[in-house]
1. Give me the residue from region 135-167 that is among the β-branched types (Val, Ile, Thr) and modelled with pLDDT under 95 and, out of that set, farthest from Val255 (Cα to Cα).
2. In region 86-103, which residues are out of contact with any Ser or Thr (no Cβ under 7 Å at 6 or more places or on another chain), small (Gly, Ala, Ser) and modelled with pLDDT under 90?
3. Has region 163-174 got at least one residue that is out of contact with any Gly (no Cβ under 9 Å at 6 or more places or on another chain) and not β-branched (Val, Ile, Thr)?
4. Can you tell me which of (1) of a type outside the set (A, V, I, L, M, F, W, C); (2) modelled with pLDDT of 95 or more; (3) in contact with a Gly (Cβ under 8 Å, 6 or more places away or on another chain); (4) closer than 15 Å to Leu154 by Cα is the one Ser201 doesn't meet?
5. Please specify each residue of region 170-193 satisfying the condition of being among the aliphatic types (A, V, I, L, M) and without any contact (Cβ under 8 Å) to a residue 40 or more places away in the chain.
6. In this structure, is Ser106 surrounded by 13 or more Cβ atoms within 10 Å (Cβ to Cβ), over 17 Å from Ser139 (Cβ atoms) and touching a residue at least 24 places away in the same chain (Cβ under 8 Å)?
7. Which ones in region 200-220 are touching a strand residue (DSSP E or B) at 6+ places or on another chain (Cβ under 7 Å) and either on the phi > 0 side of the Ramachandran plot or among the hydrophobic types (A, V, I, L, M, F, W, C) (or both)?
8. Residues in region 147-164 that are in a strand (DSSP E or B), surrounded by fewer than 24 Cβ atoms within 10 Å (Cβ to Cβ) and small (Gly, Ala, Ser): how many?
Amino acid sequence: MPSSLSITPDASRLTPYSIRLSLCCLFLAGCGVMAIATGALAVPRESREEKEVNLKRQATGGLFQKWTFDQDQLQKAPAGFTALASGEGRPAEWTVQTYADAPSPSQIVAVSSLCEAEPCDQLLLATGFKYEYPDLAVSFRIQAGASGIGGVVLGAQDASNYYAAVVDLAGATARVIRVVGGREVVLAHSPVMLKQTEWHSIRVQRNTIISKDFIETFVDGVLVLSVEDQALGLGQVGLMARGKSALLFDTFHAVPLFSHRPLSSPPAY
């Protein structure tokens, strides 16, 4: 009998079968680690069948939308939108009002958020429209004598799962945030140079390059933020006001980016 036992495998005794078995075990172990890492966000992804259906629907052009709010009933919420509150606040009131100096006269959407605690986001989501790679643009401004932080929402599953690109018009800063399970992460932030005008524009594009998803944010026509993130996929789009804000919005565009069709009017840029 040998005087001691060795736990080191003898390479000369490894058969092709045992090598394959070892490699298979390593592969399965790696898959388990990946499953644990990716499962942390717990956000369902599209199946292949769902993706095919959604791509076909977007290819028909039915998701090319432009909302000017000029035909909506005054003092009511705009038709085809749903208001939600995220965080500590209660839902704000979004109403259609007249505004002579609007980029698209003469009606706009106004929101006043009375949030006292943070985080507190007020969402206005377009119902019946879902995009995976949207190109979004809107004009907005602070109401007279108020402060305001606002922008656009994309990839929204509900009030607890969404992306948003927002601009603090008083503080001249922009940021891209991701909210998953009600928990917010700031993906990117930057100071911005705002144009000397009352109305400003924000445009957000989500694109994919070699299996990597990018969210790019333009403020007053200038690219200010670009961030890579894949936590959320297909979802609703809309407008957002955060914190204690009083804002006006006009001419909201939503376009499937991969179609290469341009936005319909230069002011959206």
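1. Filtering region 135-167 for residues that are among the β-branched types (Val, Ile, Thr) and modelled with pLDDT under 95, the one farthest from Val255 (Cα to Cα) comes out as Ile142.
2. Once the filter is applied, which keeps residues that are out of contact with any Ser or Thr (no Cβ under 7 Å at 6 or more places or on another chain), small (Gly, Ala, Ser) and modelled with pLDDT under 90, region 86-103 yields only Gly87.
3. Yes, some residue in region 163-174 is out of contact with any Gly (no Cβ under 9 Å at 6 or more places or on another chain) and not β-branched (Val, Ile, Thr).
4. (4)
5. Ala170, Ala172, Ile177, Val185, Val186, Ala188, Val192, Met193
6. no
7. Ile202, Val204, Phe214, Ile215, Phe218, Val219, Asp220
8. Matching residues across region 147-164 total 0.
The values are calculated or read from the model by the stated rules, or taken from the named source; none is laboratory data. Computed from a predicted model, the values in this text were never measured in an experiment. Neighbour counts are summed over all protein chains in view; Cβ atoms, including those assigned to glycine, are modelled from backbone coordinates with ideal geometry. Only protein heavy atoms, including side chains, enter the accessible area calculation; ligands, DNA and RNA are left aside. Shrake-Rupley method; radii C 1.70, N 1.55, O 1.52, S 1.80 Å.
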